Amino acid sequence: WDAWYRPQAGPAPASQPPVLGWRDDPAGPGGSAAGDEIVSPGPAGHRWPQLSTVALVALALLAAGSLVVALTRSSAQGTHSRGTTRPAAATAARIRAQAVSWVASQAGSQTVVACDPAMCRALAARGMHRAQLLEVRPGGPPVRKANLIVVTEAVRKQLGSDLLAQDAPLRQAAFGTGSAQISVGLIAPHGPAALAATLSADLTARKESGATLLSSSRISLSRGARSQLIAGQVDSRLLVVLARLAAQHPIYILGFGDAGPHASAGVPLRSAELAQSRSDPTISAGFAKSVRAFLAAQNAPYRPAELSAVPLGTGRTVLVVEYPAPSPLLLLSPHR
């Protein structure tokens with residue numbers, strides 16, 4: 001304080017408070033000595049000190065340092081924010097790509113899929129016909145006109161969880177978690193109660209048909225495939241076609257699958273792994289050609305979407321027969 005402020009020489013008048021300055025003014029009134037600081041007049045008879053060049057430089061450096069610290073913190077926060085945003089965006093993009101790929105490859109050519117406008121465009125770009133796509137938008141057609149619905153965040157906001165539970169209570173597949181999750185639901189055209197009753201009746205019919213296959217001497221199965229048939233987990237189309245195929249060729253069934261990732265319990269298995277026999281790990285060209293010709297001659301809905309030879313890690317090669325989603329219900333009903 002003493003170095004910056006010193007009382008001016010001489011007593012101050014009694015009627016005025018003392019005036020503070022940097023140092024005594026040897027030049028007298030109206031002038032200043034070289035190198036001395038200037039004292040400017042202030043209000044109410046005071047004179048306020050002005051900073052010297054050294055002090056100004058010090059304050060400027062102090063302000064610049066504060067600014068650098070603030071900018072560094074802001075840059076670090078921005079980098080952290082971008083660092084957390086980029087992985088989230090990449091994850092969402094990956095989940096979306098998985099959902100698009102699954103729907104485009106698994107939905108049948110006659111299947112109508114409800115989706116938000118962006119998802120519909122992505123599915124169309126993957127080869128799905130525009131007539132198969134029903135956009136979920138305000139004032140748009142009801143989703144119950146579709147067979148499947150791709151539930152994205154935009155669809156959840158548009159329809160709400162309650163309406164989705166009524167319209168699509170059964171999940172065919174799901175990808176990701178949280179708000180980025182995309183699921184594929186089976187539409188219940190007459191409500192969840194009617195769908196549950198239909199699924200129950202269909203399950204009973206599939207169990208009965210599976211028991212018939214188990215009794216055939218021309219069909220051998222792995223332990224896992226046998227359990228799946230007994231539980232009624234196999235798609236009705238597969239049950240019918242395998243019975244017809246066994247009438248022409250003895251077949252070995254390694255297993256059933258392709259219910260979709262994270263599908264709800266009760267969704268039928270739409271694919272089968274076939275071989276010529278339990279002991280022979282190879283598939284002859286004649287057997288593959290005969291099975292291909294047989295399946296190609298089937299009419300809808302029994303003609304599969306895909307038949308391919310797939311080598312397994314055990315050294316065995318199997319024929320994979322796959323049907324599109326969703327599985328038709330009550331196909332084995334006596335009325336049909």
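Here is the list for the stretch 237-321: trypsin sites (Lys or Arg not before Pro) lying in DSSP coil, each with at most 13 other C-beta atoms within 10 angstrom of its C-beta, are ARG278.
Look at the Cα gyration tensor of the stretch 111-234: its axes a ≥ b ≥ c give a/c of at least 1.5 with a/b over b/c, and that counts as prolate. Only Lys, Arg, Asp and Glu carry charge here, each on its Cβ (+1 for the first two, -1 for the last two); on that basis the stretch 118-168 has a dipole of about 200 debye about its Cα centre. In this calculation the C-beta distance from HIS129 to ASP162 is compared with R0 = 30 Å, giving a FRET efficiency of 0.45. Remark: spin-label model distance SER101-THR317 equals 2.5 nm, labels positioned 7 Å along the Cα→Cβ axis. In this structure, ARG121 and ALA231 have a Cβ-Cβ separation that, at R0 = 35 Å, corresponds to a calculated FRET efficiency of about 0.35. Its Cα centre serving as origin, the stretch 164-304 has a Cβ charge dipole (Lys and Arg +1, Asp and Glu -1) of approximately 400 debye. Relative contact order, whole percent, for the stretch 158-311 stands at 20, derived from Cα pairs under 8 Å and 6 or more residues apart. Beta bridges per DSSP, both residues in the stretch 101-233: antiparallel share near 65 percent. Evaluated at q = 0.08, 0.15, 0.21 Å⁻¹, the base-10 log of the normalised Debye intensity for the stretch 179-330, with identical point scatterers placed on the Cα atoms, takes the values -0.23, -0.79, -1.42. Shown for the stretch 107-182 is the translational diffusion coefficient from the Stokes-Einstein equation, using the Kirkwood radius over Cα pairs, a temperature of 10 °C and a viscosity of 1.306 mPa s: 126 µm²/s. Note that the stretch 142-210 presents 45 Å² accessible area per residue, ligands and nucleic acids not counted, probe 1.4 Å. Once the C-beta distance of PHE294 and ARG86 is scaled by a Förster radius of 56 Å, the resulting FRET efficiency is 0.65 to the nearest 0.05.
The values are calculated or read from the model by the stated rules, or taken from the named source; none is laboratory data. All values reported here derive from a predicted model rather than from experimental measurement. Note that each Cβ is placed from the backbone with ideal geometry, even for glycine, and that neighbours are counted across all protein chains shown. For accessibility, only protein heavy atoms count, side chains too; no ligands or nucleic acids. Shrake-Rupley method; radii C 1.70, N 1.55, O 1.52, S 1.80 Å.
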